[in-house]
Amino acid sequence: MSLQISEENLATYDDSNKTTLVVVRQYDEEKDKVAVEELEGQCDFGQRGQPSLFTDLMGDPISRIRNLPLHVMLVAECGEDGEIVGIIRGCIKTVTRGNKGSTPCPVYVKIAYILGLRVSSQHRRLGIATKLVEKIEEWSKTNGAKYAYMATDSNNEASIKLFTSKCNYAKFRAPSVLVQPVHAHYKPIGSDIAIVRVSPQLSESFYRRIFASSEFFPRDIDDILDNKLNLGTFMAVPKKTLLNWDPKSGSFPSTFAILSVWNTKEVYKLQVRGISSLKYAACLGSRVLDSWMPWLRVPSIPNIFKTFGFYLLYGIHMEGKYGPRLMKSLCAFAHNMGRKDGECRLLVSEVGLDDPVREAIPRWNKFSWGDLWCMKKLDVSECHEDDDWVESQASSSSAIFVDPRDF
């Protein structure tokens, strides 16, 4: 569902001693699609002189927000020709904000997620990005959101400065994005470990109990688990546990690990650009060796220099004595799923910095990075000082649930 938003003249700037009017309005697919795709193509992610990451939305500029029921995309156009010089996307959902006090029940709040902010290189430092953020916040407030947040690479100083200095967002949480390449070789799973596929209905029940006190757990988790992009929820347990535990009973075994797999490659694809010929040859050599001699288990680098997809691992949790080993086995299982998919080159997960599961998830540090989530309370008139989520400290017992639709 996409709501209408009225046009508004939001910014002017000087261009050769001439004032040009900038208008922010809702995206019109028939009118704006080509121009938006061209703008997206200009905005690779990366530092100057370094390899960059290109995002291919596969002909659907709103693909990254389409799976959320309430969403909008805004464009900024300038001049008499209506050139598209900026875009921003936003969506609204209801999530948990962590338990308040000793209450055992989850506390839900309506929140907006802001993503996909782009401004053409010729029109930056003119206030357009700030106005796009202000307009998406206005839309969010109109549709009942109490808070808004965004996520960016912790090294993206320009984005962080925009949101914290100009738009009054606060640095809120700093989760880790963990990336594991999908190799050509098969990853073995211990013979004493069983991988059980969990039905969407049972997964929902498990997740609502596991993440009741977490932050950002979506109320509509059932819609996520039923989505065609969800490839399944899987639980790893010791095989001997199956003698005394029935997955359909709804109870938890004494030790287990659980995660779900989301197929992001049907939403968008990525491509690494700007790598040197020498590095490309070294990566190619590692893949060839891994393909020819899989028994060596060479830690090869997949072909990420052509458009590729990845699987997102989410709903990640472990308990009990053997939790870490079971989680590693689950990640190996997901790796082998990706290995069978010709377009899946990476496994990606995002977890809280202090979440114990972080140390059990395999990753390559050179591919992984620190994320930064910034948040703002949209309606300060309703806020009591002791009830402001933005000001709350992250609890060591409160996990962050990463919604795969946000990624």
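Take every pair of alpha-carbon atoms less than 8 Å apart whose residues are at least six positions apart; their mean separation over the length of region 178-369 yields a relative contact order of 35 percent.
For the chain, adding -39500 (n - 2.57) for each run of n ≥ 4 DSSP H residues and dividing by the number of residues yields -6500 deg cm²/dmol at 222 nm. Working note: Cα gyration tensor of region 178-369, eigenvalues times five, square-rooted, sorted largest first, giving semi-axes of 31, 19, 14 Å. Protection proxy ranking of 307-314, 360-367, by the mean of other Cβ atoms within 10 Å over each peptide's residues and highest first, is 307-314, 360-367.
Sorting 22-28, 131-137 by their mean Cβ neighbour count within 10 Å, with the most densely packed peptide first, gives 131-137, 22-28.
Contact order normalised by length for the chain, with contacts defined as Cα pairs under 8 Å and 6 or more residues apart; what percent is it?
Value for the chain: 21 percent.
Under a 5 Å amide H cut-off, with hydrogens placed 1.01 Å from N, His317 pairs with Ile258 among residues at least 5 apart or on other chains. Between region 124-179 and region 224-262, what is the C-alpha centre distance in whole Å? Here the answer is 36 Å between Cα centres. Computed about the Cα centre, the dipole magnitude for region 178-369 is approximately 760 debye when only Lys and Arg (+1) and Asp and Glu (-1) carry charge, each at its Cβ. Take region 215-259 with all the other protein chains still there, run a 1.4 Å probe, and you get 45 Å² of accessible area per residue.
Only protein atoms count toward the accessible area here, which uses a 1.4 Å probe; on region 251-407, the carbon and sulfur part of that area reaches 55 percent. Two tests apply to each whole DSSP H helix in the chain, Cα reach of 24 Å or more along its axis and mean Kyte-Doolittle hydropathy of at least -0.5, and the ones passing both are 323-340.
Summing Cβ point charges (Lys, Arg +1; Asp, Glu -1) relative to the Cα centre of region 22-175 gives a dipole of roughly 1160 debye. The dipole here belongs to the chain: it is taken about the Cα centre, uses +1 on the Cβ of Lys and Arg and -1 on the Cβ of Asp and Glu, and is about 1800 debye. Both radii come from the Cα set of region 201-253: Rg as radius of gyration, Rh as Kirkwood radius; their ratio Rg/Rh reads 1.01. Largest accessible area first, the residues Leu353, Leu57, Leu117 order themselves as Leu353, Leu117, Leu57 under a 1.4 Å probe with ligands, DNA and RNA left out. Surface composition of region 131-183: carbon plus sulfur atoms hold 42% of the accessible area, using a 1.4 angstrom probe and ignoring ligands, DNA and RNA. Descending by average beta-carbon neighbour count within 10 Å, the peptides 87-93, 243-249, 141-147 line up as 87-93, 141-147, 243-249, the highest first.
Going by accessible surface with a 1.4 Å probe and the largest first, Tyr186, Tyr113 read Tyr186, Tyr113.
Diffusion coefficient of the chain by Stokes-Einstein, Kirkwood radius over Cα pairs, 4 °C, 1.567 mPa s: 57 µm²/s. Ordering Leu202, Val357, Ile400 by the projection of their Cα atoms onto the charge dipole of the chain, which places +1 on the Cβ of Lys and Arg and -1 on the Cβ of Asp and Glu, puts Val357 at the extreme positive end.
The values are calculated or read from the model by the stated rules, or taken from the named source; none is laboratory data. This is a predicted model, so every value here is computed, not measured. Reconstructed Cβ throughout: ideal geometry from the backbone, glycine too, with neighbour counts over all protein chains shown. Note: areas computed on protein heavy atoms with side chains; ligands, DNA, RNA excluded. Shrake-Rupley method; radii C 1.70, N 1.55, O 1.52, S 1.80 Å.
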